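J.: Take this structure, written in structure tokens, and hold onto it; I'll ask about it next.
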Amino acid sequence: MPSDTYTPSAPAATGYRALLRNHEFAGLYASFTLVVAGSTLSGFALGTLVDHQTRSPFLTAVSMYGATFATVIGALTLMSIADGSRPRRTLVALQCVSLVGVAAQAIPGLPLAARFGLLLVLGFFQSLANGTRMGLLAEVVPPSAYALARSLMNVTSGGMAILGYAIGALLLRYLSPQEVFVTAAALNGLALAVVATTVRERSIRLTRRPGPRQTWRTNAALFSHAGQRALLLNLWVPNGLIVGCEALFISYAPDHAGALLAAGSAGMLLGDLTVGRLFTADQRRRYAFALRLLLAAPYLLFAVHPSLPVVMAAVFVASAGFAATLPLQEQLLALTPDPVRGQVQGVESAGRMTWQGIGAAIAGGIAQYVTPGIAVALLAAVSVALTVFSRPLVVRARPVDVETAQ
């Protein structure tokens, strides 16, 4: 039976505590945590605001994940700046833009069109920030600790999402959405201060000037092989469709959406913790396909509209399958030459985020014509089918041709 990913090297002989003793990683990690917390609060506040104003499942779903649509623009135009000579300065500047964008959402009476415009601007700059952050991450930790570092960041992302949705639901009982946006902006400001004071400047070894031409060349090399395309497909599309399922939680169960979102975040946290910290690299490789199936299959239950405890359990179990990204990301990193790894990691992240937005839009559009439960089940079925049919192609991925990318 062909394996889903490459044969990995020996697992890192380190742990989360050892990683956090690395001053620069601790700074990247803390700033990432604060950014995720702020994004969760602002997304939940905006989704609630749009739902109250429009009662549209489509607009509510898009408002929660709309920023992801613009990440593909960053991936196609300027993602090569992630491998520039001054990544710390780049990351600080990009987080300044994000701070301004989140703060602007707090303006009272801002038209919905302007709010969606801000989402697109934020998505563009956030995609560049993610690529720069992942490029720095690959610099500050050894390759053998990369999966562990990504696991810790994913676990924290799930934990912050749990807290963010729970705290967001609580805050919105007493505060207006605009006041929640102010809280989110404060978290982004703190993230900016942390990364500016803890991460040092370094070169990521790019010899050519970053720009659209350099970005296009590297992207062309990345997508030149069917195996690479299948690898990215598995990182992007199944996850995006399941995020689309999550985007319908407010429409599916308005009074319990926060609990469903928190259950999903808890499952993702458990999956990343187990797969990243307890599994060996070989185990991650062997269980990657099963995890991708687990991500979608439980959502098929939504078609019969089961009781709330059953739904919460299904969401919790399914979300553990998000950990399938870890072995796929390990494979992608192993196939990426050092000079372009920031851009390639940024493209992977941008594509994954873009498909979250696409998944939310597809889910919202389907839910305009069928019940939210049926829409969720349909997306889950498509995710399972894509995972099964693309599996044989993943093993054909080969290293990015850096000469083509230069």
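J.: Sorted from fewest to most neighbouring beta carbons within 10 Å, what does the list TYR165, TYR369, TYR299 look like?
T.: TYR369, TYR165, TYR299
J.: With the dipole of region 16-405 worked out from charges on the C-beta (+1 for Lys and Arg, -1 for Asp and Glu) around the Cα centre, which of GLY258, ALA334, ALA103 lies farthest toward the positive end?
T.: The residue sitting farthest along the positive end of the dipole is ALA334.
J.: Right, something else. Let me know the charge dipole size of region 237-298 about its Cα centre in debye, to the nearest 20, where only the beta-carbon of Lys, Arg (+1) and Asp, Glu (-1) is charged.
T.: 360 debye
J.: Could you calculate the contour length gain from VAL121 to ALA381, that is, 0.36 nm times the residue separation minus the distance between their Cα atoms, to one decimal place in nm?
T.: In short, 90.4 nm is gained.
J.: I've got another one for you. How far is it, in nm, from the label point at LEU20 to the one at LEU278 when both lie 7 Å from their Cα along the line to the Cβ?
T.: The answer from the label model is 1.9 nm.
J.: Could you pull the Cα extents of region 16-405 along its three principal axes, largest to smallest, in whole Å?
T.: The Cα atoms of region 16-405 stretch 53, 46, 40 Å along their principal axes.
J.: Under a Cβ-only charge scheme (Lys and Arg +1, Asp and Glu -1), can you give me the dipole magnitude of region 16-405 about the Cα centre, in debye to the nearest 20? Kindly include the intermediate steps, with their values, before the conclusion.
T.: Values: 28 positive and 15 negative charges, 181 e Å.
In debye, rounded to 20, region 16-405 gives about 860.
J.: State the extension gain, in nm to one decimal, for the chain segment bounded by GLU179 and VAL97, taking 0.36 nm per residue of separation less the distance between their alpha-carbons.
T.: On the way: separation 82, 0.36 × 82 = 29.52 nm, distance 1.97 nm.
Gain in length upon complete extension: 27.6 nm.
J.: Please work out how much length the chain gains when fully extended from THR371 to SER144, using 0.36 nm per residue of separation minus the C-alpha to C-alpha distance, in nm with one decimal. Kindly include the intermediate steps, with their values, before the conclusion.
T.: Details: separation 227, 0.36 × 227 = 81.72 nm, distance 4.61 nm.
Additional length available on full extension: 77.1 nm.
J.: Report D for region 223-268 in µm² per second (integer): Stokes-Einstein, Kirkwood Rh on Cα pairs, 4 °C, 1.567 mPa s. Spell out each step's value before the answer.
T.: Working: Rh = 12.2 Å.
Rounded to a whole number, D works out at 106 µm²/s.
J.: Determine, for TYR16, TYR252, TYR174, the number of other Cβ atoms within 10 Å of each Cβ, and report the residues in order from fewest to most.
T.: Least crowded to most crowded, the residues run TYR174, TYR16, TYR252.
The numbers here are math on the coordinates, done by the rules we state, and not lab data. Predicted model, so just to flag it, every value in this text is computed and none were measured. Note: ideal-geometry Cβ built from the backbone for every residue, glycine included; neighbour counts use all protein chains shown.
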